[in-house]
């Protein structure tokens, strides 16, 4: 039987937004996919109010577009946004590696190595949602080592938008973010070589951006299929 408190929590707008966010960032919902309120109400077992609040929250994160008289859609970033997002990422992430090499977080780099190991295993076992998630977390966890919460908030948003962009420009089972590059960046950081770490990070982000310039993915989404299996599993526990 399901736990009443757990069911109540899962119907809150924040929990619904997190489920939709995860589906977007794990490439289970493609850019441009229509998020029909009626279907979402059925999937999550709630009325329209919590669904609309969740979609509004995701729109503020620029993961969802709310279009008058048309409804909600997973955001479809433009080519200009690709360039702007990665321009900002280069500015922030080069500052991150410089700050780490100056002594901020050096002792905690071993944790980053463990994350890259999990990223490699996810690729080898074809666990693509985990692979995509971990490839982004490499960058956000490096930022966390700086101890600068404002910097981290900025980069978290940029990485989320990068992941959305990769869903538009990359096919399932591929990721523009290479764990081999991550290993090389980590080695330079571990050696305290700020110049090499910055050069590797800059090349890595440029490579990721260039891989985005492919034919956009298209396709409708069955929201029951995206969320239904997981919802059924949760209801039975």
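Only one of these is in contact with a strand residue (DSSP E or B) (Cβ under 7 Å, 6 or more places away or on another chain) and either outside any loop (DSSP other than H, G, I, E, B) or in the same structural domain as residue 162 (by TED's automatic domain parsing) (or both): 86, 73. Name it. If you could, list the steps in order and put the result at the bottom.
On the way: 86 fails: in contact with a strand residue (DSSP E or B) (Cβ under 7 Å, 6 or more places away or on another chain).
When all the criteria are applied, what remains is 73.
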Quick check: is even one residue across segment 93-114 free of Cβ contacts under 8 Å to residues at least 60 places away in the same chain, in a helix (DSSP H, G or I) and under 26 Å from residue 18 (Cα atoms)? yes
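Would you check if there is a residue in segment 40-55 being under 20 Å from residue 156 (Cα atoms) and under 20 Å from the mean Cα position of the chain (by Cα)?
Filtering segment 40-55 for residues under 20 Å from residue 156 (Cα atoms) gives 54-55.
After this cut, where a residue has to be under 20 Å from the mean Cα position of the chain (by Cα) as well, the list is 54-55.
Scanning segment 40-55 turns up at least one residue that is under 20 Å from residue 156 (Cα atoms) and under 20 Å from the mean Cα position of the chain (by Cα).
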Which of the numbered conditions does residue 30 fail, given that it passes all the others? Conditions: (1) at pLDDT 90 or above; (2) in contact with a strand residue (DSSP E or B) (Cβ under 7 Å, 6 or more places away or on another chain). (1)
Answer yes or no: is there a residue in segment 132-141 that is under 20 Å from the mean Cα position of the chain (by Cα) and farther than 22 Å from residue 31 by Cβ. yes
Residue under evaluation residue 52, criteria (1) on the phi < 0 side of the Ramachandran plot; (2) at pLDDT below 95, criterion not met: (2)
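Given the structure, is residue 120 at pLDDT below 95, farther than 21 Å from residue 178 by Cβ, outside any strand (DSSP E or B) and touching a helix residue (DSSP H, G or I) at 6+ places or on another chain (Cβ under 7 Å)?
Numbers: at pLDDT below 95: yes; farther than 21 Å from residue 178 by Cβ: no; outside any strand (DSSP E or B): yes; touching a helix residue (DSSP H, G or I) at 6+ places or on another chain (Cβ under 7 Å): yes.
Criteria not met by residue 120.
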Looking at segment 135-230, what helices (runs of 4 or more DSSP H) fall wholly within it and have at least 1 residues that are modelled with pLDDT under 90 and at positive phi? none
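The values are calculated or read from the model by the stated rules, or taken from the named source; none is laboratory data. Predicted model only: the values in this text are computed from it and were never measured. Cβ: placed from backbone, ideal geometry, glycine included. Neighbour counts: every protein chain shown.
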